[in-house]
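In what follows, a single structure is set out as structure tokens and then discussed.
The values are calculated or read from the model by the stated rules, or taken from the named source; none is laboratory data. The structure presented is a predicted model; accordingly, all values stated were derived computationally and were not measured. Methodologically, a virtual Cβ is constructed for each residue, glycine included, from the backbone with ideal geometry; neighbour enumeration extends over all protein chains shown. Surface areas here come from the heavy atoms of the whole protein model, side chains and all, with no ligands, DNA or RNA. Shrake-Rupley method; radii C 1.70, N 1.55, O 1.52, S 1.80 Å.
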Amino acid sequence: MPVALPGQTRVWTASVAENAAAATARRGELDRAESLRADGFRRFADVDRFLVAHVCLRDILGTVLGTPPARLIIDREPCVACGGPHGRPYLPGRPVHFSLAHAGDLVLVAVAPVPVGVDVEDVPSDALVHETMTGLHEDERAELLDLPRPARPAAFARCWTRKEAVLKSTGQGLSHGARLPYVGTAAEPARTSAHQVYDLPVPPGRVAALALWTA
């Protein structure tokens, strides 16, 4: 079921397998930093995923802004944790915000008029949930422990993607851990004071979320 998103917020999806050849042919549209990152991958699958994600991002932003994709300048804000040049990506002087995520064959690109974060993850194993849930908010941990064990991986994944989406929208990432903000594990995201959070429909075995920073 499609999710109703406010205003000019849009989300696009792309398959790596279906777009890898075209993305490789358009690699020249990437800037030097993107090309260097692509060169740094050792596995062909990781190169394909990166190229599809970034060519699609430029294609979408170019369409939204009426600018050839290769002419877009994508920069990075200073990291909010350390001040390094690897914070939230942005388009200098352009009134649009965007976020990029990928998992396996799936790429998501979100564009919005306010700071936005999008995340997609594979539903994890029960063992990984047990190992990672200790870093969540105490109420989220309690919610997970109240569920039957088979239901915990999907609930954990919902919580984690919501949290990642929120933290990507602010540029903070996981630099301060995953305890805050509280976003909940239930079928509907918990309300936060500074964000609108939405679960996104994706193929079975994955979960995705989008967050708009409205503070």
Qualifying positions in the stretch 173-183 - open to solvent by 40 Å² or more (accessible area, probe 1.4 Å) and either β-branched (Val, Ile, Thr) or touching a Gly at 6+ places or on another chain (Cβ under 8 Å) (or both): Arg179
Cβ pairs under 8 Å, 6+ apart, first in the stretch 97-119 and at positive phi, second assigned to a strand (DSSP E or B) and at pLDDT 95 or above: Gly104/Asp122; Gly104/Arg206
Helices (runs of 4 or more DSSP H) (entirely within the stretch 1-75) containing at least 1 residues that are open to solvent by less than 60 Å² (accessible area, probe 1.4 Å) and either touching a strand residue (DSSP E or B) at 6+ places or on another chain (Cβ under 7 Å) or at pLDDT below 95 (or both): 16-25, 44-65
Conditions (1) closer than 20 Å to Leu167 by Cα; (2) touching a residue at least 60 places away in the same chain (Cβ under 8 Å); (3) under 20 Å from the mean Cα position of the chain (by Cα): number failed by Arg76: (2)
Pairs where the first residue, in the stretch 36-58, is under 21 Å from Ala112 (Cβ atoms) and the second is among the aromatic types (Phe, Trp, Tyr) and crowded, with 19+ Cβ neighbours inside 10 Å, C-beta under 9 Å, 6+ apart: Leu57/Phe98
Residue that is nearest to the chain's Cα centre (by Cα), among those in the stretch 140-161 that are charged (D, E, K, R) and surrounded by 12 or more Cβ atoms within 10 Å (Cβ to Cβ): Arg158
Residues (more than 19 Å from Gly7 (Cβ to Cβ) and exposed (fewer than 12 other Cβ atoms within 10 Å of the Cβ)) located in the stretch 184-200: Ala187, Glu188, Ser193
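A quick yes/no check of all residues on (1) open to solvent by less than 30 Å² (accessible area, probe 1.4 Å); (2) in contact with a Phe, Trp or Tyr (Cβ under 8 Å, 6 or more places away or on another chain); (3) at pLDDT below 95:
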{"site": "Leu100", "(1), (2), (3)": "no, no, no"}
{"site": "Leu108", "(1), (2), (3)": "yes, yes, no"}
{"site": "Val118", "(1), (2), (3)": "yes, no, no"}
{"site": "Val129", "(1), (2), (3)": "yes, yes, no"}
Matching entry among Thr24, Thr9, Thr63 (being touching a residue at least 40 places away in the same chain (Cβ under 8 Å) and β-branched (Val, Ile, Thr)): Thr9
